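The values are calculated or read from the model by the stated rules, or taken from the named source; none is laboratory data. The shown structure was predicted, so the numbers you read here are calculated from the model rather than taken from an experiment. Glycine also receives a Cβ, built like all others from the backbone with ideal geometry; neighbour counts cover every protein chain displayed. Only protein heavy atoms, including side chains, enter the accessible area calculation; ligands, DNA and RNA are left aside. Shrake-Rupley method; radii C 1.70, N 1.55, O 1.52, S 1.80 Å.
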Amino acid sequence: ACATPASAPAQNLRVRSGESIAAALELATPGTVIEVEPGVYHEALVVDKPVRPMAAGKVRPVIDGDCQTRLTVSIVSSGVTLRRLKVVGASEGFGNYPAQVDFNQVNTGRARGLIVKDTCDAQYGINIFDTGPVDIVNNEALRKYATSRGAVFAPVSGDAAQKAAFPAVQANAWL
């Protein structure tokens with residue numbers, strides 16, 4: 001099945017459950033917003049133009065590589081933003097460095113509010129290799145990991161910032 005235009009501006013495409021996100025990527029032009037409705041999409045994607053695949057509503061759609069691919073979502077274009085998606089299903093056995101999401105040799109990119117889960121045996125959730133700045137925003141797993149190592153995720157300054165950061169400095173200082 002093929003994606004159909006959304007009722008919003010011409011630069012939007014909507015993918016309904018049972019349709020293909022890959023088909024929408026083929027139709028998309030740079031800057032297109034691809035709104036993905038809730039459902040499970042059994043496919044691996046290569047995003048090769050600056051587009052913005054995102055959930056069409058509050059419920060995250062699931063992109064599932066079904067343990068049959070090295071990369072469930074491969075980003076090979078700068079300027080791609082993934083937003084509010086759940087990505088699973090990358091697996092070893094199909095090449096080195098399997099990942100749910102892979103940004104490779106891009107100048108910019110953004111992963112905002114993603115859920116990535118290892119349902120097979122992938123080595124990485126989000127892999128970023130040989131890139132310029134790639135923003136990972138509102139990712140709970142990253143927040144937990146960084147917080148456990150002393151990162152501060154609150155806008156603080158002055159004495160409050162020093163007090164918040166001191167335990168990490170103390171734990172990691174070379175004595």
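Val47: open to solvent by less than 10 Å² (accessible area, probe 1.4 Å) and in contact with a helix residue (DSSP H, G or I) (Cβ under 9 Å, 6 or more places away or on another chain), yes or no? Yes.
Would you confirm whether any residue within region 20-34 is open to solvent by 50 Å² or more (accessible area, probe 1.4 Å) and among the hydroxyl-bearing types (Ser, Thr, Tyr)?
yes
Of Leu25, Leu85, all but one fail to be in contact with a Lys or Arg (Cβ under 8 Å, 6 or more places away or on another chain) and in contact (Cβ under 8 Å) with a residue 40 or more places away in the chain; the exception is Leu85. When Ser91, Ser74, Ser20 are checked against the criterion of being among the polar types (S, T, N, Q) and under 16 Å from the mean Cα position of the chain (by Cα), a single residue qualifies: Ser74.
Pull up region 60-82, narrow it to residues that are out of contact with any Lys or Arg (no Cβ under 6 Å at 6 or more places or on another chain) and of a type in the set (A, V, I, L, M, F, W, C), then point me to the one that is farthest from Pro133 (Cα to Cα). Steps first, answer last, please.
So the first thing to find is which residues in region 60-82 are out of contact with any Lys or Arg (no Cβ under 6 Å at 6 or more places or on another chain), and the list is 61, 63-76, 78-80, 82.
Going one step further and asking which of them are of a type in the set (A, V, I, L, M, F, W, C), we end up with 63, 67, 71, 73, 75-76, 80, 82.
Values: Ile63: 24, Cys67: 29, Leu71: 20, Val73: 18, Ile75: 14, Val76: 14, Val80: 12, Leu82: 15 Å.
Ranking the candidates gives Cys67 first.
Restricting attention to region 55-68, does a residue exist that is of a type in the set (Val, Ile, Thr), open to solvent by 50 Å² or more (accessible area, probe 1.4 Å) and not in a loop (DSSP other than H, G, I, E, B)? No: zero hits.
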